[in-house]
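Enquirer: One structure coming up, written as structure tokens, with questions to follow.
The values are calculated or read from the model by the stated rules, or taken from the named source; none is laboratory data. Please read these numbers as outputs of a predicted model, since none were measured by experiment. Glycine gets a Cβ as well: all are built from the backbone with ideal geometry, and neighbour counts include every protein chain shown. Note: areas computed on protein heavy atoms with side chains; ligands, DNA, RNA excluded. Shrake-Rupley method; radii C 1.70, N 1.55, O 1.52, S 1.80 Å.
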Amino acid sequence: LLFVVDTQRADRLGAYGSPAPASPHFDRLSRASRLHSRALSQASWTIPSVTSLFTGDYPALGARQTGVPSLTIPAGAETLAERLQKAGFVTVAFVANPLLESRGGFMRGFDTHATMAAASARTIGSLLAGWLDGPPGGRWFAYLHAMEPHEPYDPAPDIRAFLAEGVASTEELMAATMAHRRARSTPPDRILLLLAGAYA
């Protein structure tokens with residue numbers, strides 16, 4: 001089972017030291033698992049990161065941003081799902097990130113797959129549970145990709161309580177950050193202030 005949570009910060013999980021009880025199920029699983037503390041993504045955005053995850057190669061393979069992003073895994077690159085499928089595994093993917101649709105090659109090697117933009121982790125987990133009730137028979141490989149931490153942010157009321165005074169919402173924080181990145185018009189000290197307030 002490969003479960004990817006898009007843009008999840010490790011230090012916000014209890015297993016990695018966060019004092020806030022935000023990830024009880026993950027923390028419980030980690031206590032019975034091998035937990036890695038020095039794993040790094042090969043890129044800062046979805047396409048090259050998942051390409052590396054699926055192929056074991058570096059982003060220079062071709063899925064990188066050069067003005068217009070390449071939204072495909074190169075045809076000659078064998079994916080993890082393709083390799084496992086050839087080895088006799090039944091393969092399934094339930095994905096909430098719309099960049100990982102089948103036309104980009106990311107669903108190559110999956111017997112069953114569905115890409116549902118903005119589906120919750122609970123939804124894709126339920127789909128997997130239903131699929132496993134099948135049962136698939138024999139060995140299986142499942143890939144789930146959730147999006148909750150990714151923008152646009154819509155945190156629950158108890159999460160909004162973490163925002164410090166002067167920060168209206170995480171939307172304000174994201175808007176200021178994106179404005180600075182795109183137009184370099186938001187003063188860096190304002191962004192630092194927002195960041196400090198959001199994570200105070």
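Enquirer: Give the long-range amide H neighbours of Trp140: residues separated by 5 or more places, or on another chain, with amide H under 5 Å away, using H modelled in the peptide plane at 1.01 Å from N.
Expert: Val90
Enquirer: Once you list every other residue whose beta carbon is under 12 Å from the beta carbon of His25, what net charge do they have if Lys and Arg are +1 and Asp and Glu are -1?
Expert: +2
Enquirer: Next question, about the same structure. How much length is gained on full extension from Leu2 to Ala75, taking 0.36 nm per residue of separation minus their Cα-Cα distance?
Expert: 24.0 nm
Enquirer: Further question: Given the whole protein assembly as supplied and a 1.4 Å probe, what does the accessible area of Leu35 come to in Å², nearest 10?
Expert: 70 Å²
Enquirer: While we're here: Stretch Leu35-Arg103 to full length: gain in nm at 0.36 nm per residue minus the Cα-Cα span?
Expert: Separation in residues times 0.36 nm, less the Cα-Cα distance, equals 21.1 nm.
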